[in-house]
1. If the requirement is being surrounded by fewer than 12 Cβ atoms within 10 Å (Cβ to Cβ), of a type outside the set (A, V, I, L, M) and outside any loop (DSSP other than H, G, I, E, B), which of these qualifies: Lys89, Lys146, Lys160?
2. What's the total number of residues in segment 121-152 that are at positive phi and without any contact (Cβ under 8 Å) to a residue 60 or more places away in the chain?
3. For segment 33-63, which positions are assigned to a helix (DSSP H, G or I) and crowded, with 17+ Cβ neighbours inside 10 Å?
4. Report, by residue number, each residue of segment 163-178 that is within 17 Å of Lys32 (Cα to Cα) and surrounded by fewer than 18 Cβ atoms within 10 Å (Cβ to Cβ).
5. Determine which single condition Leu72 fails, assuming it passes every other condition in (1) over 27 Å from Ile10 (Cα atoms); (2) under 15 Å from the mean Cα position of the chain (by Cα).
6. Among the residues of segment 33-68, count how many are farther than 19 Å from Cys20 by Cβ, β-branched (Val, Ile, Thr) and touching a residue at least 40 places away in the same chain (Cβ under 8 Å).
7. If Lys66 passes every condition in (1) touching a Gly at 6+ places or on another chain (Cβ under 9 Å); (2) within 21 Å of Ile116 (Cβ to Cβ); (3) surrounded by 15 or more Cβ atoms within 10 Å (Cβ to Cβ) but one, which one does it miss?
8. Restricting attention to segment 67-102, and to residues there that are polar (S, T, N, Q) and modelled with pLDDT under 90, which single residue is nearest to Lys142 (Cα to Cα)?
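The values are calculated or read from the model by the stated rules, or taken from the named source; none is laboratory data. Quick caveat: nothing in here was measured; it's all calculated off a predicted structure. Neighbour counts are summed over all protein chains in view; Cβ atoms, including those assigned to glycine, are modelled from backbone coordinates with ideal geometry.
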Amino acid sequence: MEKQDLRRQIRAAKKAVPFCEKLTRSRDIMSKVEALSSFRKAKVVLLYWSMEDEVQTHEFVEKWYKEKTVLLPCVDRDDLKLRQYTGQKCMRSGEQFGIGEPTGEEFTDMESVDVIVVPGVAFDSEGHRMGRGRGFYDRLLKNTTKAYKIGVAFDFQIVKDVPVEPHDVIMDQVVSEF
């Protein structure tokens, strides 16, 4: 299946699920993430501030930022810069997409990132990930070779085969509802 067709299919499936159900399903997914030994051992974790159609992370970020160094991505032109989440007071609306982003100093010690929780449009059983098409995460993930990469997805985002390109970064694990 072509990437655009797959994106359309997943977008329709996301729209069919009410937000309250996405929230409940997200809690189940994120509970599985926090049970992973890679997450438990991690000191520095890169999460994401979820958009309405993604696996929801706001509660998860709030739960863990006092125990771990929690980083969130900030869009800067065509790249993602990282900043530490220090509570709701540090958040502002991002300029490009309106996604919540922390303010403060840029975090540049990529080698210290232990775990990255990655959103995506679709994943397959081999850990291949398809994003929204701008390549933000692929560029970022290439600079985090040590970090354990965990893709998170609703069950309908797990497909047989994700179209793969040479620059795509494979997840170490994909966590979904099943």
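1. When all the criteria are applied, what remains is Lys89.
2. Initial filter on segment 121-152 (at positive phi): 127, 133, 135.
Retained after the next criterion (residues that are without any contact (Cβ under 8 Å) to a residue 60 or more places away in the chain): 127, 135.
Summing the residues that are at positive phi and without any contact (Cβ under 8 Å) to a residue 60 or more places away in the chain in segment 121-152 gives 2.
3. Here is the first cut: in segment 33-63, the ones assigned to a helix (DSSP H, G or I) are 33-35, 37-41, 58-63.
Across segment 33-63, the qualifying residues are Val33, Phe39, Phe60, Val61.
4. Asp172, Gln173, Glu177, Phe178
5. If we test Leu72 against (1) over 27 Å from Ile10 (Cα atoms); (2) under 15 Å from the mean Cα position of the chain (by Cα), just (1) comes out false.
6. The total comes to 3.
7. (3)
8. My answer is Gln96.
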